[in-house]
Amino acid sequence: MSALLGAPPQLTIEQQLNQLRHSPPELYAFLLRMPKGGDLHNHLVGATYAENLVGAAAESGFCIDKHTLAIVRICPSADPLEATRANNDNAELNSLIDTYSMRDFVPGRESAHDHFFNAFGLFSPVDSPHLGEFVADVVRRAADQNESYLELMAIAGNGPIAQLGGVTGFDGNFEETAAKLKSAGLANLVTALKSRVDEIERVRQGVLRCDSEPASAPCKVVVRYVFQVLREFPKAQVFAQVLAGFQLAAGDPRVVAINLVQPEDGINSMRDYHLHMQMVDFAKRLYPKVHITLHAGELTSGLVPPEGLRFHIREAVEIGHAERVGHGVDIMYETGAVELLKEMGAKRVAVEINLTSNDLILGVKGSDHPFPIYRKYGVPVVISTDDEGVSRSHLTQEYQRAVLTYGLTYADLKQIVRNSLEYSFLSGESYWGDASYRLPVKACAASLTSKTCAAFLAGSEKAGAQVDLERRFVEFEAATIKK
């Protein structure tokens, strides 16, 4: 009757999204409110905005090297630039923001690729004392965007673990080297890492006031951690990190996976790539329940020789047991690319798509990006941020970019969001009984409120998160259609 009286009919979600394609600001507001599930590819320190990095340096009493603009722990005696001063001076702070991020960067003698990766060495001194605070910042940002889950690459094997590997050495014999590392006290260093996770969690929950406000949006975001192996280190140190990461993930449920990080085109990353996959394969046999996600294919033509583009993703999947692949940009340069795509689709190996990062670092975007190709061959995709602080982006903008570039429908978005929890490393079985997300598991087929479903959900973190996501979708869609 309201239509007969001249009131405009309510538009479906799809119709609204189609209208918003022509107004990116309105599209952004729509996507900001939309449930986004999880961000599965997120480097914690790279996710921290430069303003927070400089603020943390000021809090710690650090200084800024005037020549390199690097944060330094020990201030020079002559003419020091204290981080506190830089943090309160617009010109100084803006210079640091541009140095520690991709904001306003123009390639010249330094490429975008090098500027991006060089930034981490400049602000790395603030990592350790402030990780818990940085996690709280990232969690707040996630909650503001209606995210419910984060997997953060926040724990790494540099320091004592890498040093122990250097002392122990590596002669190519995995079993003997593993035994030497065990005798040398690797387990004690893994215990120390667990204590570090304890401290990060204590600070995060304290900053967010989760003891007194457990129902707040940030405190409801579930956080898990991914152990980072620094693959540009010498092979003996990489092997020690791999073993330590597997041991940590096997013994601490908050650490859900391991990953290999640092530039894939680096000297050791390229030279030792096959060996690194063999190391992961060895550790997987020792700790078969540990999850694996691997940076693979974050390369493009010209960045490395053609032969360097032929095998990284395949070896990550077939030797490194990757359940997810990070980036996967060079998939079509792989030998037997179509067969590999079909294999990934059949095995349900998900790809963590980082559109802004791939544009800024590799110059790959639009029709040159394989995002549509993965979807064409049925490979599960998730949208993630990579290093939102360095890239000056966030997850809502990544979804906005995907919609505007690839014409995604609301149904497409919903599938990708659901993928982010389906292919997460949360413990327990999935709520969904089919890959199309149409049918729940048998235990919940009759009703969410049934005793069998309640028992099932109580035993599965993943299923509980998925049910929460569906509730968020219902609320979002009802509010959006009502408008």
**Request:** Quickly run through the stretch 440-483 and pick out the residues that are closer than 30 Å to ASN18 by Cα, outside any helix (DSSP H, G or I) and either open to solvent by less than 70 Å² (accessible area, probe 1.4 Å) or at pLDDT 95 or above (or both).
**Result:** PRO440
**Conditions (1) at pLDDT 95 or above; (2) open to solvent by less than 50 Å² (accessible area, probe 1.4 Å); number of the one not met by ILE13** = (1)
**Request:** For the stretch 36-55, enumerate the residues that are surrounded by fewer than 24 Cβ atoms within 10 Å (Cβ to Cβ) and among the small types (Gly, Ala, Ser).
**Result:** GLY46, ALA50, GLY55
**Prompt:** Do any helices (runs of 4 or more DSSP H) entirely within the stretch 359-428 hold 2 or more residues that are of a type in the set (D, E, K, R), and if so, which?
**Reply:** 371-376, 395-406, 410-422
**Asked** Can you name the residue in the stretch 419-434 that is open to solvent by 40 Å² or more (accessible area, probe 1.4 Å) and under 23 Å from the mean Cα position of the chain (by Cα) and is also nearest to ALA250 (Cα to Cα) among such residues?
**Response** SER427
**Among the candidates LEU27, LEU69, residue that is in contact (Cβ under 8 Å) with a residue 12 or more places away in the chain, assigned to a loop (DSSP other than H, G, I, E, B) and either on the phi > 0 side of the Ramachandran plot or touching a Lys or Arg at 6+ places or on another chain (Cβ under 9 Å) (or both)** = LEU69
**Request:** Working only within the stretch 16-42, note down all residues that are farther than 17 Å from VAL403 by Cβ and either modelled with pLDDT under 95 or of a type in the set (A, V, I, L, M) (or both).
**Result:** LEU40
**Message:** Please go through (1) under 30 Å from GLN262 (Cα atoms); (2) surrounded by 21 or more Cβ atoms within 10 Å (Cβ to Cβ) for TYR406 and return the number of the only condition it doesn't satisfy.
**Reply:** (2)
**Request:** Under 8 Å between Cβ atoms, at least 6 apart or on separate chains: pull out the pairs that start in the stretch 91-119 with a residue that is touching a residue at least 24 places away in the same chain (Cβ under 8 Å) and part of a helix (DSSP H, G or I) and end on any residue that is of a type in the set (D, E, K, R) and open to solvent by 60 Å² or more (accessible area, probe 1.4 Å).
**Result:** GLU92/ARG85; LEU93/GLU51; ILE97/GLU51; ILE97/ARG103
**Request:** May I ask you to verify whether VAL379 is touching a Gly at 6+ places or on another chain (Cβ under 7 Å), under 24 Å from GLY302 (Cα atoms), open to solvent by less than 20 Å² (accessible area, probe 1.4 Å) and modelled with pLDDT of 95 or more?
**Result:** no
**Prompt:** So which residues in the stretch 259-299 are of a type in the set (S, T, N, Q) and surrounded by fewer than 21 Cβ atoms within 10 Å (Cβ to Cβ), if there are any at all?
**Reply:** GLN262, ASN268, GLN278
**Asked** Taking ASN90, is it within 24 Å of the chain's Cα centre (by Cα), open to solvent by 50 Å² or more (accessible area, probe 1.4 Å) and not acidic (Asp, Glu)?
**Response** no
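The values are calculated or read from the model by the stated rules, or taken from the named source; none is laboratory data. Keep in mind that this is a model prediction, so the values were computed, not measured. For neighbour counting, all protein chains shown are included, and Cβ atoms are generated from backbone atoms with ideal geometry for every residue, glycine included. The area values use the complete protein model at the heavy-atom level, side chains included, leaving out ligands, DNA and RNA. Shrake-Rupley method; radii C 1.70, N 1.55, O 1.52, S 1.80 Å.
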